[in-house]
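Input: a single structure, listed below in C-alpha cells.
The values are calculated or read from the model by the stated rules, or taken from the named source; none is laboratory data. Remember, predicted model here, so these are calculated numbers, not experimental data. So basically every Cβ, Gly included, is an ideal-geometry build from the backbone, and we count neighbours across all protein chains shown.
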Amino acid sequence: MAEELSGLPGTPREALVLHVAPHLEQGGAERMLHLIASGRRPGWRHHIALMQPSVFYDRSGLDITSLDFDLCDRTRSLARLPGAVCALRSLARRLKPDLIQGWIYYGNLLTLGLKGLPAPVIWSIHNSTLVGWRENPLLRLSDHLLAVSSGHAPARIVYCAAEARIRHEHVGYAAVPGVVIANGVDTSAFRPDPARRAALRERLGLAPDELAVGVFARNDPQKNLPGAFDAFALWARGREARLVLAGRGMGPDADDLVGLARSRGLLDRTLLLGPVSDVQDHLNALDAVLLASNYGEALPMILIEALCSGTPIAATQIGDVRHLPVPKGALAVQGDAAALADALAFAAGGADAPEWRAAFAAARVRYSLERCLDAYYALYGEVTAAWPARWPT
C-alpha cells in the first residue's frame with residue numbers, strides 16, 4: 001500500500017531530495033541545481049539548504065533554508081561550521097529526506113556532518129583540476145577530506161564530465177561510487193531566434209555588421225580573462241568587433257577588467273554588463289562565445305547553452321570541452337593566446353557553415369535538459385530503492 005502524505009488520505013507520498021550547496025549565485029553547477037529543483041518530476045520534490053542565502057536565479061516555487069554562512073569571510077565561515085552542521089542535522093530530521101545531495105566541494109563537505117541519518121548521500125562535482133594549496137588551502141583541504149571519505153560516505157558521486165571523474169579518482173576518490181551525468185540545457189529556451197538577436201543587438205548598440213564575441217563567466221583567475229583579452233585583441237585587428245563580458249564581477253565597476261581592456265587598446269570595444277538573467281537572449285546576439293580557462297573547467301554550461309542557441313564557440317581544450325561535438329578548429333591548447341585567436345577566427349561569424357550546423361544539432365540532442373533530468377531521476381530512484389534504512393514514522 002502506498003505511503004500517504006499526512007492529512008491527504010490516499011495521496012502517494014512524494015520522495016524528498018535535500019540539496020546542500022554553498023549558494024545559488026550565477027554559475028554552472030548552481031544553474032544545474034536550479035534546473036533540477038525547479039523542473040520537478042511527478043513523485044519528487046526538493047528542498048535546498050544554502051550555506052549563504054545568495055540566489056541569482058528565480059526562486060519562486062523553491063523551498064530554501066539558509067545555514068547563515070558568510071562565504072566572503074573564511075574565519076567566520078570556519079567558526080560557523082559546528083553550528084551549521086547542527087542546524088543541517090535538525091533540518092534533515094524535520095524534513096526526513098529520502099535522499100541528500102551535496103553540491104561542489106563545500107556542499108559535499110557539509111554532508112559529512114549528516115553521518116548516521118537514515119538517508120543516502122550523493123555528491124556532485126562540477127570541476128576538473130584545482131588551484132594549488134598555497135592559493136586556496138581551505139579548498140584543497142576540503143578536497144582531501146572528501147577523497148578520504150569517498151569510499152564510505154556517499155552512495156554515489158556524480159561528475160558532470162568524464163574528465164572530472166578521471167581527475168578525482170586519480171587523486172584518491174573512490175572509483176566504485178562514480179557516475180557521469182553531463183549537464184543539460186533547456187532547448188526550448190536556448191535556441192536560435194533571429195528576432196531576439198535583432199532586439200538584443202539594438203539594445204547593446206551593436207551595428208548590424210559588427211561581430212560580437214562574448215565571455216560569460218565570473219571574474220575569477222580560473223577563467224583566464226587576461227588570456228581572453230589577448231586572444232580577442234589578436235583576432236580583432238582590422239575587424240569591426242566588440243567584446244561583451246557578462247557575469248559576476250564583470251560589471252563596469254570592475255577596475256581590473258577596465259585596466260585589462262585599456263592595456264590592450266580595447267576600452268572602446270568592450271562592454272562590461274555584469275550578471276545578466278536573460279542569457280539566452282544575449283547568446284542569440286553574439287557571433288561567438290569565448291572561453292580561455294586554463295584549469296578547473298569540467299563541462300561549462302555556457303558552452304553548451306551557446307551551441308544549443310546556434311552560436312559558435314572558441315575555447316581551450318580543458319575538461320570535457322575537448323569532447324564537445326564541435327569542429328577541431330574551434331579548440332585551442334591552454335595558455336596559447338595566438339591559438340585561441342585562431343580558434344576565434346574559425347568560429348566567429350561561421351554559424352551558417354555546415355560543420356557548425358551539425359555541431360548545433362548534435363549538442364541539442366546530447367545535452368538536452370530532459371536527457372539530463374532522466375539520468376538524475378533514474379539515479380535518485382536507484383539509490384533510494386537500494387538504501388536499507390528508513391526514517392521512523
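Could you list all residues from segment 303-317 that are surrounded by fewer than 24 Cβ atoms within 10 Å (Cβ to Cβ) and either under 19 Å from Ala337 (Cα atoms) or touching a strand residue (DSSP E or B) at 6+ places or on another chain (Cβ under 9 Å) (or both)? Spell out how you get there, then give the answer.
Kept after step one, since they are surrounded by fewer than 24 Cβ atoms within 10 Å (Cβ to Cβ), are these residues of segment 303-317: 310, 317.
Result: Gln317, single match.
Being over 30 Å from Pro154 (Cβ atoms) and small (Gly, Ala, Ser) is the filter; apply it to segment 7-26 and report the residue that is modelled with the highest pLDDT.
Gly10
Show the residue pairs meeting these rules: Cβ distance below 8 Å; 6+ apart or different chains; first residue within segment 355-379 and surrounded by 18 or more Cβ atoms within 10 Å (Cβ to Cβ); second residue acidic (Asp, Glu).
Within 8 Å, the pairs are Leu369/Asp186.
Could you figure out which of (1) in contact with a strand residue (DSSP E or B) (Cβ under 7 Å, 6 or more places away or on another chain); (2) aromatic (Phe, Trp, Tyr); (3) closer than 29 Å to Arg140 by Cα isn't true of Phe232?
(3)
Restricting to segment 257-277, name every residue that is in contact with a Gly (Cβ under 9 Å, 6 or more places away or on another chain) and not in a loop (DSSP other than H, G, I, E, B).
Within segment 257-277, Leu257, Leu271, Leu272, Leu273, Gly274 meet the criteria.
What residue, of Tyr295, Tyr380, is among the hydroxyl-bearing types (Ser, Thr, Tyr) and in the same structural domain as Pro118 (by TED's automatic domain parsing)?
Among Tyr295, Tyr380, only Tyr380 is among the hydroxyl-bearing types (Ser, Thr, Tyr) and in the same structural domain as Pro118 (by TED's automatic domain parsing).
Cys72 fails exactly one of the following numbered conditions: (1) of a type in the set (A, V, I, L, M, F, W, C); (2) surrounded by 16 or more Cβ atoms within 10 Å (Cβ to Cβ); (3) under 21 Å from Gly27 (Cβ atoms). What is the number of that condition?
Looking at each condition in turn, Cys72 falls short on (2).
Go through segment 42-53 and give me each residue that's surrounded by 16 or more Cβ atoms within 10 Å (Cβ to Cβ) and in a loop (DSSP other than H, G, I, E, B).
Result: Met51, Gln52.
Considering each residue of segment 100-113, count those that are free of Cβ contacts under 8 Å to residues at least 60 places away in the same chain and of a type in the set (A, V, I, L, M, F, W, C), and give that number.
2
Conditions (1) part of a loop (DSSP other than H, G, I, E, B); (2) in contact with a helix residue (DSSP H, G or I) (Cβ under 7 Å, 6 or more places away or on another chain), marked per residue:
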position: Val326; (1), (2): yes, yes
position: Leu340; (1), (2): no, yes
position: Leu344; (1), (2): no, yes
position: Gly350; (1), (2): yes, yes
position: Ala358; (1), (2): no, no
position: Ala363; (1), (2): no, yes
position: Asp374; (1), (2): no, no
position: Ala378; (1), (2): no, no
position: Pro392; (1), (2): yes, no
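Do the conditions hold for Leu272, that is, is it in the same structural domain as Arg203 (by TED's automatic domain parsing), surrounded by fewer than 17 Cβ atoms within 10 Å (Cβ to Cβ) and hydrophobic (A, V, I, L, M, F, W, C)? First the steps, then the outcome.
On the way: in the same structural domain as Arg203 (by TED's automatic domain parsing): yes; surrounded by fewer than 17 Cβ atoms within 10 Å (Cβ to Cβ): no; hydrophobic (A, V, I, L, M, F, W, C): yes.
Taking the combined requirement at face value, the residue does not satisfy it.
Can you pull out the residues in segment 219-265 that are within 16 Å of Leu344 (Cα to Cα), of a type outside the set (Gly, Ala, Ser) and surrounded by fewer than 18 Cβ atoms within 10 Å (Cβ to Cβ)?
Residues satisfying the conditions are Pro226, Leu234, Arg237, Arg239, Glu240.
Does His170 meet the test of being exposed (fewer than 14 other Cβ atoms within 10 Å of the Cβ) and either outside the structural domain of Glu382 (by TED's automatic domain parsing) or at pLDDT 95 or above (or both)?
Working: exposed (fewer than 14 other Cβ atoms within 10 Å of the Cβ): yes; either outside the structural domain of Glu382 (by TED's automatic domain parsing) or at pLDDT 95 or above (or both): yes.
Answer is yes for this residue.
Please state which of the following conditions Asp278 fails to meet, knowing it meets all the rest: (1) modelled with pLDDT under 95; (2) buried (at least 24 other Cβ atoms within 10 Å of the Cβ).
Asp278 satisfies all of (1) modelled with pLDDT under 95; (2) buried (at least 24 other Cβ atoms within 10 Å of the Cβ) except (2).
Kindly establish whether Arg134 is at negative phi, outside the structural domain of Tyr295 (by TED's automatic domain parsing) and surrounded by 14 or more Cβ atoms within 10 Å (Cβ to Cβ).
No, not satisfied.
Out of the residues in segment 269-319 that are β-branched (Val, Ile, Thr) and closer than 19 Å to Pro226 by Cβ, which is nearest to the chain's Cα centre (by Cα)?
Ile302
What are the pairs, 6+ residues apart or on separate chains, where a residue within segment 121-133 that is closer than 12 Å to Asn294 by Cα has its Cβ under 7 Å from a residue that is outside any loop (DSSP other than H, G, I, E, B) and acidic (Asp, Glu)?
Every condition considered, the pairs that remain are Ser128/Glu163; Leu130/Asp143.
Across segment 205-216, which residue is surrounded by the fewest Cβ atoms within 10 Å (Cβ to Cβ) among those that are outside any strand (DSSP E or B) and at pLDDT 95 or above?
Initial filter on segment 205-216 (outside any strand (DSSP E or B)): 205-210.
From what's left, at pLDDT 95 or above: 205-206, 210.
Values: Gly205: 9, Leu206: 22, Glu210: 15.
That would be Gly205.
Inside segment 55-169, counting only helices (runs of 4 or more DSSP H) that do not spill past its ends, which hold 2 or more residues that are aromatic (Phe, Trp, Tyr)?
Ranges flagged: 104-111.
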